[in-house]
Amino acid sequence: MKIGVLSDTHFTSLADGLTFMESLCAGPFADVDLVLHAGDIVHPDLIYCFDERPLIAVRGNCDEPAPELPEKRVLEIDGFRIGIMHGWGGPGGVVDQVLDSFSDEELDVLVFGHSHYPLCRRRGDLLLFNPGSATDRRDAPCHTVGILELNGSVEGTILNLDSQA
């Protein structure tokens, strides 16, 4: 299974968000089976823009509360347990905060956002995965999204969108 992962899109305009999501689905997410959004979608209707692919999202600190956007989730996909949460606070402490939030869970992958900075790193058997931001890189070197591949093991890849433009 191939999963597209994004976070921190911060779209206030539905039209801009739809245009971006269409280009993402025609490009780096063209062959994904599922999309995970780790929060800060901002425009609430954008959770419905992946018609042909299921979208599973969580609420970020810039999102309005909504029943379809819980603060955190644990998913079981192809025998792997994936935790997903946005995160909060200063960029230096996000990893520890999300790890603490899932300390009572056995996970294979922990997907999070908030820092706008991509991360794909193992901590023991756990893959820590932050796709960065596709639209607002802040201090990150480029705009990014991620791909998770579940094929007997879990592999993560960060994709530089600036090099694909």
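The values are calculated or read from the model by the stated rules, or taken from the named source; none is laboratory data. These numbers were taken from a predicted model, which means no experiment stands behind them. Counting neighbours? That spans all protein chains shown, and the Cβs are built from the backbone with ideal geometry, glycine included. Surface areas here come from the heavy atoms of the whole protein model, side chains and all, with no ligands, DNA or RNA. Shrake-Rupley method; radii C 1.70, N 1.55, O 1.52, S 1.80 Å.
Each peptide in 60-71, 36-47 gets a packing score, the mean of other Cβ atoms within 10 Å over its residues, and the list from highest to lowest is 36-47, 60-71. Apolar share of the accessible surface for the chain: 47 percent from carbon plus sulfur atoms, 1.4 Å probe.
For the stretch 30-131, the solvent-accessible area works out to 48 Å² per residue, with a probe of 1.4 Å and every protein chain left in place. Restricting the calculation to Cα atoms, the chain shows an Rg/Rh of 0.92 when the hydrodynamic-style radius is the Kirkwood one.
A simple rule links phi to the HN-Hα coupling: the Karplus curve 6.51 cos²θ - 1.76 cosθ + 1.60 with θ = phi - 60°, which for the stretch 2-13 gives 10, 10, x, 10, 9, 7, 6, 7, 6, 7, 9, 9 Hz, with x for Gly and Pro.
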